[in-house]
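As structure tokens, the structure follows; a few thoughts come after it.
The values are calculated or read from the model by the stated rules, or taken from the named source; none is laboratory data. Not measured: the values here are computed from a predicted model. Note: ideal-geometry Cβ built from the backbone for every residue, glycine included; neighbour counts use all protein chains shown. Note: accessible area is taken over every heavy atom of the protein model, side chains too, but ligands, DNA and RNA are not part of it. Shrake-Rupley method; radii C 1.70, N 1.55, O 1.52, S 1.80 Å.
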Amino acid sequence: METDILIVGNGLAAWGVLNRFAEIKSDLKITQISQEKVLPSCALKSTATVSLNGIQKNISPLGDLLYDSFFTTTSLIEKWGTDTIEKAEHLHLGNSDKIKQRFHTLENIEKSYLKSSHLGARGDVYLFNPSMFFDWFNHHIKNQIHNLSEVQDLVTDFKVDGNNVFVQTLSGRRFLAKKLILTTGAWGRGRTGGKLVCGHYLSWYNCDFEESFLISLNQHNLIYNKSTKLLMLGGTSNSDEVSLVDVEKLKSMYQCFVEIFHSELPAFENAKLSYGVRQKGKKRMPYWGKFQESDNIYTIHSLYKNGYTLGWELGKRTVDQIKL
Ligand SMILES: Cc1cc2nc3c(=O)[nH]c(=O)nc-3n(C[C@H](O)[C@H](O)[C@H](O)COP(=O)(O)OP(=O)(O)OC[C@H]3O[C@@H](n4cnc5c(N)ncnc54)[C@H](O)[C@@H]3O)c2cc1C
């Protein structure tokens, strides 16, 4: 099968690419391949928050990228107007010296669900509901790309063949693409590089707090989405590629929140445990652009803990580099 663009993957990096093709009203023939059953997307196994976290410009290249990407994402959220993303308050509590260093100011934070007042900082956070957003994105954004076809299959090999890229799949399909875009996340690290960092988080359903929130307490996150009544805790970061779930870490995170909460938290034992695999680049820096200097192959990878913030900006930057 011949195609102009072949995208491998169906996570944040792929969505960022597809969003850009939809924005520029591309009439290119685009094919998207992913294999969710065997290689599940981390995008759907994520606590999926977008926050500036006190980041300021001109401190580090990663900080600058996250800063710009945050505003790209929030202007998209405003344009989309989807109720699959909830805006809430992000409270930063815990070590006040560290909070002051990051935010340059401290304020008194009082909430009815907290036992006492805390010195901390506040910001905005956007809480994505990954599966609901994914459905919304398919119907409202992907549908704008008229010449798009989707295939469930596993890409096993690719090589440049003249001005095209020849791609093979496990079920025996063969594609000839003018451009290949690899958005394969941690599963593709054998080709794209980066480290696999597994992360676990806990979810409780049907919880009733008076408002949505994200509380970051000494880098542990408790997230509540009032519209879905979902409470989440985590995620952890495994220190190597073979470790199993770090239950002790999750228990100690949970205990930190029990200590500051006035309202009762649901029992630890009643939580559902989920995990996703992130891809971490050198110095946490993502990569986007040409794959190994090739004019035919592009990639976006190592979004690590910030896929929901970075995917849209890096998708735009990558598509804008491609000349057909
Ligand atoms: C516990 C946890 C919490 C997180 N919390 C947040 C958060 O709050 N905010 C945030 O911004 N980010 C968060 N993240 C990170 C975020 O989820 C990731 O950065 C993002 O999902 C990565 O997107 P991706 O497109 O690079 O990869 P993925 O979403 O993993 O997508 C990879 C895709 O490639 C496909 N694929 C791979 N290889 C092949 C192949 N050979 N053939 C066919 N298809 C293939 C897979 O099927 C999949 O569709 C969290 C992650 C975890 C694990």
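Lys/Arg Cβ at +1, Asp/Glu Cβ at -1, dipole of region 1-137 taken about the Cα centre: which of G9, S41, S60 is farthest positive-ward?
Working it through, the farthest residue towards the positive pole turns out to be S60.
Rounded to the nearest 5, what is the percent of antiparallel bridges among the DSSP beta bridges in the chain?
70
Residues with beta-carbon under 14 Å from that of H139, excluding H139: net charge, scoring Lys, Arg +1 and Asp, Glu -1? Don't skip to the answer; put the middle values down first.
On the way: positive: K142; negative: D83, D135, E150.
In short, -2.
In what sequence, highest mean first, do 308-321, 59-72 appear when ranked by Cβ atoms within 10 angstrom?
Working: 308-321: 22.1, 59-72: 16.1.
Going by the mean number of other Cβ atoms within 10 Å, highest first, we get 308-321, 59-72.
Using the Cβ atoms and a cut-off under 12 Å, what net charge is assigned to the surroundings of I99, where Lys and Arg are +1 and Asp and Glu are -1?
On the way: positive: K98, K100, R102, R122; negative: D97, E107.
Residues close to I99 contribute a combined charge of +2.
Pairs to check: K272/K305; K57/K195; K226/K305; K272/K316; K79/K195. Give those whose C-alpha atoms are more than 29 Å from each other in this structure. Don't jump to the answer; show the numbers that get you there.
Details: K272/K305 21 Å; K57/K195 27 Å; K226/K305 23 Å; K272/K316 35 Å; K79/K195 34 Å.
Beyond 29 Å: K272/K316; K79/K195.
On average, how much accessible surface per residue is there in region 121-227, in Å², for a 1.4 Å probe, leaving out ligands, DNA and RNA?
47
Using a 1.4 Å probe over the heavy atoms of the protein chains, calculate the carbon and sulfur portion of the accessible area of region 213-324 as a whole percent.
Result for region 213-324: 49 percent of the exposed heavy-atom area is carbon or sulfur.
Percent of accessible area on region 71-170 owned by carbon and sulfur, 1.4 Å probe?
After summing per-atom areas, the C and S share lands at 45 percent.
Pairs to check: K229/K249; K229/K283; K100/K229; K25/K178. Give those whose C-alpha atoms are more than 30 Å from each other in this structure.
K229/K283; K100/K229
Which of the peptides 46-54, 180-188 is most tightly packed, and how do the rest follow, going by the mean number of other Cβ atoms within 10 Å of each residue?
180-188, 46-54
For n ≥ 4 DSSP H runs only, could you compute -39500 (n - 2.57) per run for the chain, divide by its residues and tell me the 222 nm figure to the nearest 500? Display every interim value, and only then the final one.
Details: 7 runs with 84 residues, N = 324.
For the chain, the value works out to -8000 deg cm²/dmol.
Where the centroid of each part is defined by its Cα atoms, how far is region 1-37 from region 51-109 in Å?
Going from one Cα centre to the other spans 29 Å.
Taking the solvent-accessible surface of protein heavy atoms with a 1.4 Å probe, what is the per residue accessible area of region 56-101 in Å²?
Solvent-accessible surface per residue comes out at 55 Å².
Provide the net charge surrounding L176, with neighbours chosen by a C-beta distance below 14 Å and charges set as Lys +1, Arg +1, Asp -1, Glu -1.
Once all neighbours under 14 Å are counted, the net charge is +2.
Taking the Cα centre of the chain as origin and charging only Cβ (+1 Lys, Arg; -1 Asp, Glu), how large is the dipole, in debye to the nearest 20?
In debye, rounded to 20, the chain gives about 820.
Considering only DSSP beta bridges where both residues belong to region 31-159, give the percentage that are antiparallel (nearest 5).
If we restrict to bridges inside region 31-159, about 80 percent are antiparallel.
At 1.4 Å probe size, put H90, H262, H146 in order of accessible surface, largest to smallest.
H146, H262, H90
Helix 12-23 versus the longest principal axis of the chain: what angle, 0 to 90°, nearest 10, using Cα atoms?
Helix 12-23 sits at roughly 60 degrees to that axis.
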